[in-house]
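Below: one structure, written as structure tokens.
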Amino acid sequence: MTRAEGTDVQKLLTNRLLTADPTTGILGDICREGRTIHVSRSTGRIIVIKETTEEDLVELGAGKSKPNIIDLRGKTVLPGFVDTHVHLFLHPYVETSWEDQVTRESTAERTIRAVTHAKSTLLAGYTTVRDLGTEGAEDSDIAIRQCISSSIIPGPRYFCASRAIVATGSYGPKNQQRPYLTEVDGKAGADSASGSRSV
């Protein structure tokens, strides 16, 4: 590990680590031996997991004011969750119906809500999500993704679909604030919307 890589590393000490098989995703047993997890600050990815050394413990004791090592002993550490179907731009329908959200709430309000949802999702343990459409909030999910990637706002790794492609008349009300068409008429319309002739 180079000196530059060393400054980029966040260490997490744990004595209860739940791991998953990278090929199957099946959770394994809880490792109750001391482990130090080395995480890249710039990417958030785990670099390596090693047995906790005396050097790690000395660094922990000497570094109370330095955030390069975090003591998670006594807590269970597990892989981040992945949710492949989210809509950060929507909130519970018991608060506001879907139709009212997409027709009466402004894009600004829905984007602000999406920012808070991104943070809540990350704090709930989801480190990666796939958003399947902004439901009328245009390309705001692209902006959210850029802000998360640039560390302007907290959130999980964010894969987004942006505007959905649907058949004419098959999905949802027309938005009075943004009455432009977001639907597709036939194969020619789908080719145009997708940028591909294979739709």
Calculate the length of the line joining the C-alpha centroid of the range 135-158 to that of the range 35-107, in whole Å.
17
Before I look further, what does the range 9-70 give for accessible area per residue, probe 1.4 Å, in whole square angstrom?
66
Check each of the chymotrypsin sites (Phe, Trp or Tyr not before Pro) in the range 85-125 and keep only those in coil by DSSP with at most 15 other C-beta atoms within 10 angstrom; list them in order.
93
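The values are calculated or read from the model by the stated rules, or taken from the named source; none is laboratory data. Just so we're clear, the structure is a prediction, and the values are computed from it rather than from any experiment. Cβ coordinates were reconstructed from backbone atoms using ideal geometry, including for glycine residues, and neighbour counts include every protein chain displayed. Calculation scope for accessible area: heavy atoms of the full protein, side chains included, ligands and nucleic acids excluded. Shrake-Rupley method; radii C 1.70, N 1.55, O 1.52, S 1.80 Å.
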